[in-house]
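> Just passing along the structure, written as structure tokens.
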Amino acid sequence: MDTIKLIYFSGCPNYVAVKKLLLNLGCDFEEINQSKLPEKHPLKCYTSPAILKNGELIIGEKMDSIAGGCTIQLPSEEDFARSLKR
């Protein structure tokens, strides 16, 4: 079974849209709020929202710091579904 993680920060403007994509596709996923993670936690180094499938980045970017950032361009539901099936 695949492990899917939705990583986001509080107030992320694209969080709800990505969560809806996951729900519409019937995915089981874990939500991880970066705002509640310890300061140096490795999952703080992703843009928000980010999707990891079995540790592979599907949506978003990995950054060199924990400064935060937004995932601006979101895939269509069709493109997202293809990415998750890889």
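Readers should treat all values here as calculations from the given coordinates under stated rules, not as data from a laboratory. Computed from a predicted model, the values in this text were never measured in an experiment. Cβ placement follows ideal geometry from the backbone for every residue including glycine, while neighbour counts extend to all protein chains displayed.
> If you take every DSSP beta bridge whose two residues both sit in the chain, what share of them, in percent to the nearest 5, is antiparallel?
About 60 percent, rounded to the nearest 5.
> Starting from the 7 Å offset along Cα-to-Cβ, what nm value, one decimal, do you get for the label separation of residue 72 and residue 23?
Calculated label separation equals 2.8 nm.
> Mind checking the stretch 1-83 for GluC sites (Glu not before Pro) that DSSP puts in a loop (not H, G, I, E or B) and that have at most 11 other Cβ atoms within 10 Å?
Passing both the DSSP loop test and the Cβ count: 39.
> With the radius of gyration and the Kirkwood radius both derived from the Cα set of the chain, what is their ratio Rg to Rh? Working shown, then result.
Values: Rg = 12.0 Å, Rh = 12.8 Å.
My calculation puts Rg/Rh at 0.93.
> As a test of the formula, what do you get for the chain when each DSSP H run with n ≥ 4 contributes -39,500 (n - 2.57) and the sum is divided by the residue count, at 222 nm and rounded to the nearest 500 deg cm²/dmol? If you can, show how the numbers build up before the last one.
On the way: 2 runs with 19 residues, N = 86.
Rounded to the nearest 500, it is -6500 deg cm²/dmol.
> If you don't mind, there's one more thing I want to ask. Could you please state, rounded to a whole Å, how far the C-alpha centre of the stretch 39-86 is from the C-alpha centre of the stretch 1-16?
8
> Taking a spot 7 Å from the Cα of residue 63 along the direction of its beta carbon, which residues of the stretch 16-42 have an amide N less than 15 Å from it?
34-37, 39-42
> Next question. Taking the Cβ of each residue in 37, 52 as the centre, tally the other Cβ atoms inside 10 Å and list the residues starting with the fewest.
The most exposed by this proxy come first: 37, 52.
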